[in-house]
Amino acid sequence: MGMNIAEKIIEKHIVSGEMVVGSDIGLKIDQTLTQDATGTMAYLEFEAMGVPRVKTERSVAYIDHNTLQNGFENADDHRFIRTVCKKHGIYFSRPGNGICHQVHLERFGIPGKTLIGSDSHTPTGGGIGMMAMGAGGMDVAVAMGGGEYHIAMPSVIKVELKGKLRPYVAAKDVILEVLRVLTVKGGVGRVIEYGGEGVKTLTVPERATITNMGAELGATTSIFPSDEITKEFLEAQGRGEDWVALSADEDATYERVVEINLSELEPLAAMPHSPDKVKKVKEIGKIKVDQVCIGSCTNSSLMDMLKVAAILKGKTVADTVSLAISPGSRQVLDMMAQNGALSDIIAAGARILECACGPCIGMGQSPNSGGVSLRTFNRNFEGRSGTADGQIYLVSPEVAAASAITGYLTDPMELGDSLEITMPKKFLINDNMIDAPIEADRMNEVVVLKGPNIKDFPVTDALPEDIKASAVLKVGDNITTDHIMPAGAKILPYRSNIPYLSKFCFAVCDETFSERCKEVGGGFVIGGENYGQGSSREHAALVPLYLGVKAVVTKSFARIHRANLINAGILPLTFVNPEDYDRIDQGDELALEGIRNAIENDGVITLKNITKGLEFAVECPLSDRQKNMILCGGLLNTCK
């Protein structure tokens, strides 16, 4: 029986376990990446492990999230990361060089290699045929130290692409259609693999847009074949020697096949407040638009920017609209400047932001109260923009640019003439803002510099015999890591300071949560379906750990967040009978008697509701490795 692309890469990298769907497997990791919002903690964890030099083929640290320097905190974190990189064998991409996923695709990604990053949109690398996965910072630290990265062996869904996109229909519309079909839960435990004749009509940047937003499906990763189009892209980046051919066997098998006819797609938009709440632009209608933001790791490639420039050329942004554009990398910005596209965009009235994540992570450009903001980003969770009642729509660059001109949501197919944009034969290559580490025999010359805002990793304890505490919070379905641990310009500078960061934990759901947790010494969090979807930020586990959360009991978990809870030593429990969720109220006194013995011996776990005199069956499926982590009190304790 033949193999699909994901299976081929896994087979070459599997170190432990068996390739049986659902079973725990350990993978050798070739490359890692971090960004500064999660990187500081990842490198503190790496230091704590005592490994002198990274053992991967290539590890890169990017500064692209916390780039607004309103105080010393972000600058101190950047300095810390820079010195850690120089000492321990990690490449350092300076502030302004670009967004991690865009730059990694351009300069470092290699087909057939494994990549994990402390950012949930690391699957962008699947656009060139990498097995690229988002992970918690501690998992990245372990991989840098030469350890395996553990996942449940995924099943694979094939998305069969047919036909060819019409003018003004974009790769963004492809992934929005996939989200409409599969939903934000449809990819959990799965790899999304793209195939079919339609693949040959998509450029690498278009493929990367699709794999990038595969994170919103909850998928382990998404991946395209590595073909002649991939080869041409790498050659244009001066990296033709990195290309290898990679495709599924003709008799490869899949869990299911989803067919999408590119020729039939129309411009789409994800409406507030979920990436899978997708409708056709023309169905939504001509709603008034207050703001348009173009960029993010989803849609900031040179191709995207050239399309935007072509639509804006000779026109003026509507007087009711604020248009902000952030190119994905310095390479993109340089080439825009040289070919005149940047001038066309500026002349139209756009505000040019630096090459960074910016508004996507809530770092500036919050819309006005109740404002409608069209964004080419990947997430539109409530409050993520920095404006609590902001109405955020996710759209393609073509829809965004057309709407910026008219002042209302506009189907760009109404513009008429098609866009004639082609991939360059050669990209402008200048890596002088990527710093190489010092040689291993000189590493002791480097002093790692830590600012006063960088605090120690939270203390974790071994799992006790019994847990008795109250339900300190009850939340609903699809709780995101933005709900648990918000981002934004006011909060991100404190990602290295867990005690201060704890003030904002679950503030979107309950402003009193942090103080109540501190008063009672923590307790249980009760959640619904798909708890912890969204970002890979391990702070959504580390901060509850600091606040004394002992266990999270839900109907189901998102993959990365569940792994982060286990890494932190917090029990991730699920109801055997989901309707039992309705039989617990916030404030109820709960108990897990004999929990250590139950975990140690794979016994039955019973959750008692002491307040109501009820008992519930809950489960906590763990591999032997995960069981050991929970018993020890987390991954760091296990490593020590």
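Along each of the three principal axes of the Cα atoms of region 514-620, give the extent in whole Å, ordering the values from largest to smallest.
Dimensions of region 514-620 along the principal axes of its Cα atoms: 36, 31, 26 Å.
Aspartates and glutamates within cross-link reach of residue 425: Cα-Cα under 12 Å, excluding same-chain residues under 8 positions apart?
Within reach: 232, 235.
List 456, 139 from most exposed to least, where exposure is judged by having the fewest other Cβ atoms within 10 Å.
In order of increasing Cβ crowding within 10 Å: 456, 139.
Note the angle between two axes, namely the Cα long axis of helix 559-568 and the longest principal axis of the Cα atoms of the chain, as a number of degrees from 0 to 90, rounded to the nearest 10.
40 degrees
In whole angstrom, and with the biggest value first, how far do the Cα coordinates of region 436-587 range along each principal axis?
Per principal axis, max minus min of the Cα coordinates gives 60, 31, 28 Å.
Suppose we look only past 19 Å in the calculated P(r) of region 158-251. What percent of the Cα-Cα pairs does that tail hold?
42 percent
How far apart, in nm, are the 7 Å Cα→Cβ label points at residue 628 and residue 428?
5.1 nm
Starting from the Cα of residue 468, draw a straight line to each of the aspartates and glutamates and keep only those under 18 Å, dropping any in the same chain fewer than 8 residues away.
Candidates past the 8-residue exclusion: 519, 585, 588, 589, 593, 615, 619.
Rg to Rh ratio, region 358-409, alpha-carbon atoms and Kirkwood radius?
Reported Rg/Rh (Cα atoms, Kirkwood Rh): 0.94.
Based on other C-beta atoms within 10 Å, arrange 581, 168, 500 from fewest to most.
500, 581, 168
Mind listing the phi-derived Karplus ³J(HN,Hα) values for region 535-542, rounded to whole Hz, using 6.51, -1.76 and 1.60 with θ = phi - 60°, and x for any glycine or proline?
Values per residue, Gly and Pro as x: 4, 7, 3, 6, 4, 5, 10, 5 Hz.
How big is D, in µm² s⁻¹, for region 5-264 by Stokes-Einstein at 20 °C and 1.002 mPa s if Rh is the Kirkwood radius over C-alpha pairs?
Rounded, D is 115 µm²/s.
Semi-axes, largest first, in whole Å: what does sqrt of 5 times each Cα gyration tensor eigenvalue give for region 485-569?
18, 16, 12
Can you give me the three principal axis dimensions of the chain from its C-alpha atoms, in Å, biggest first?
Extents along the principal axes, in whole Å: 70, 58, 58.
So what's the Cα pair-distance distribution over region 584-640, bin width 10 Å, in %?
22, 41, 28, 8, 0
Of all beta bridges DSSP finds with both residues in the chain, what is the antiparallel percent, to the nearest 5?
Among the beta bridges of the chain, antiparallel pairing accounts for roughly 35 percent.
Which of the pairs 455/503; 172/200; 185/550 have their Cα atoms more than 19 Å apart in this structure?
185/550
Summing -39500 (n - 2.57) over the DSSP H runs of n ≥ 4 in the chain and dividing by its residue number, what mean residue ellipticity at 222 nm do you reach, to the nearest 500 deg cm²/dmol?
-8000 deg cm²/dmol, from helical runs alone.
Based only on other Cβ atoms within 10 Å, what is the fewest-to-most ordering of 258, 188, 281, 604?
Lowest count first: 604, 258, 188, 281.
With the dipole of region 403-550 worked out from charges on the C-beta (+1 for Lys and Arg, -1 for Asp and Glu) around the Cα centre, which of 432, 460, 406 lies farthest toward the positive end?
Of the listed residues, the answer is 460.
Once you have all Cα-Cα distances for region 304-394, histogram them in 10 Å bins from zero and send the whole-percent values.
Percent of Cα pairs in each bin: 17, 46, 32, 6.
Given a cut-off of 31 Å, name the pairs among 282/313; 55/231; 162/282; 158/315 whose C-alpha atoms lie farther apart than that in the structure shown.
Distance filter (> 31 Å) returns 158/315.
Give a residue-ordered list of calculated ³J(HN,Hα) values for region 593-600 (Karplus: 6.51 cos²θ - 1.76 cosθ + 1.60, θ = phi - 60°; whole Hz; x for Gly, Pro).
My calculation for region 593-600 gives 8, x, 5, 5, 5, 5, 5, 5 Hz in order.
Under a point-charge model restricted to the Cβ atoms of Lys and Arg (+1) and Asp and Glu (-1), what is the dipole moment magnitude of the chain relative to its Cα centre, in debye to the nearest 20?
1080 debye
Identify all lysines with a Cα-Cα distance to residue 288 below 18 Å; exclude those on the same chain that are fewer than 8 residues away in sequence.
Cross-link targets: 279, 280.
Quick note: the coordinates plus some simple rules give every number you see, no bench work behind them. All values reported here derive from a predicted model rather than from experimental measurement. Methodologically, a virtual Cβ is constructed for each residue, glycine included, from the backbone with ideal geometry; neighbour enumeration extends over all protein chains shown.
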